[in-house]
Amino acid sequence: MATPLLITLNHRGRSVDFDIRVDGPALVGDLVDALVRQAELVGVPRKPSLVVHRTGQTLAREERMSDADLRSGDLCRLNDAPKADERSRLSAVAVAEIVEGPGAGSVFELRPGPSDIGRAEVCEIKIEDRLASRRHVRVDVGEDIQVHDLGSTNGALVNGEEITGVVKVSPDDLLVVGETVLRLRTVEAAEDANRAYNSDRGPFIDTIAGAAGMDRESTIALLDAFSFPEKAVQLSDAWLGGTVQQVMKDQMDFFVAQGEIASALPSYDPFVDTSFLEAVN
């Protein structure tokens with residue numbers, strides 16, 4: 001049963017009262033986005049959240065409403081969502097791969113907890129699909145991977161069956177969102193697939209060729225041309241040791257020259273994190 005919640009939101013001198021019904025696995029971010037749309041608020045942060053006057057705390061967007069310290073009668077305002085939280089520092093434990101449709105071949109790392117699929121910029125799995133809703137499907141990563149529809153316009157399918165309620169997915173299941181087909185796997189399952197490919201790639205060639213729209217011979221030739229640099233090479237100046245940072249700097253300087261952004265940073269070194277690679281034995 002939906003839980004009633006009466007709150008007042010102050011924004012730019014305007015006070016709006018909301019009578020909210022919170023149901024299911026809704027997140028704070030879902031609520032805030034709905035309030036902004038309903039009240040047609042302008043001048044909001046890119047990733048807004050609620051500051052609760054009673055506690056002075058800014059709620060995390062990824063926090064479940066059932067766990068959030070928000071009560072009927074609370075006075076709130078909008079603020080930028082916290083930029084750093086425990087979840088953002090967690091390692092990825094699953095991956096979402098687009099196997100067909102717009103963005104085929106794209107891979108998204110998923111951390112424990114909820115991640116959304118949709119067209120909105122705030123989605124962890126942002127897809128360029130004209131048939132997808134802004135926030136279409138939620139993926140919950142825990143001991144297993146579960147998905148549920150967020151009330152999308154066109155619905156979603158798992159192995160051809162429409163999602164109703166919460167659905168558990170396995171590594172071989174196909175999730176269809178609009179024209180986009182995704183496969184969700186835990187990191188362990190993805191590593192198992194990599195080992196299988198490395199030991200005998202033959203069974204995978206036809207699948208890769210079909211997804212790429214290529215014939216078998218051309219696919220084999222292209223794969224044979226791929227090489228993955230060793231750790232030392234990746235950490236060298238030619239890669240993560242300097243070139244990547246310089247490319248980022250050059251791109252930002254170009255955007256400044258084109259009038260796309262106001263200014264660029266003096267250096268983009270802090271944005272290249274090599275600690276994960278350095279930790280590999």
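The values are calculated or read from the model by the stated rules, or taken from the named source; none is laboratory data. All figures in this text were calculated on a predicted structure; none of them were measured in a lab. Glycine also receives a Cβ, built like all others from the backbone with ideal geometry; neighbour counts cover every protein chain displayed. With ligands, DNA and RNA removed, areas are computed over all heavy atoms of the protein, side chains included. Shrake-Rupley method; radii C 1.70, N 1.55, O 1.52, S 1.80 Å.
Tabulated data for the structure shown
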| read-out | value |
| --- | --- |
| Residue within region 250-260 that is assigned to a loop (DSSP other than H, G, I, E, B) and under 27 Å from the mean Cα position of the chain (by Cα) present | yes |
| Scope region 120-139; condition in a loop (DSSP other than H, G, I, E, B) and at pLDDT 90 or above; matching residues | ILE127, GLU128, ASP129, ARG130, LEU131, ALA132, SER133, HIS136 |
| Restricting region 30-64 to residues that are part of a loop (DSSP other than H, G, I, E, B) and touching a residue at least 60 places away in the same chain (Cβ under 8 Å), the residue that is least open to solvent (accessible area, probe 1.4 Å) | ARG61 |
| Residue under evaluation THR186, criteria (1) open to solvent by less than 50 Å² (accessible area, probe 1.4 Å); (2) of a type in the set (Ser, Thr, Tyr); (3) without any contact (Cβ under 8 Å) to a residue 60 or more places away in the chain, criterion not met | (3) |
| Residue within region 140-162 that is in contact with a Phe, Trp or Tyr (Cβ under 9 Å, 6 or more places away or on another chain), at pLDDT 90 or above, open to solvent by 30 Å² or more (accessible area, probe 1.4 Å) and not in a loop (DSSP other than H, G, I, E, B) present | no |
| Filter result for THR207 (under 25 Å from PRO102 (Cα atoms), among the polar types (S, T, N, Q) and at pLDDT below 85) | yes |
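Rundown of residues vs (1) in contact (Cβ under 8 Å) with a residue 24 or more places away in the chain; (2) open to solvent by 60 Å² or more (accessible area, probe 1.4 Å), yes/no style:
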site	(1), (2)
ARG201	no, yes
PHE204	no, yes
PRO229	no, no
VAL233	no, yes
ASP237	no, yes
VAL244	yes, no
VAL247	no, yes
GLN258	no, yes
PRO266	no, yes
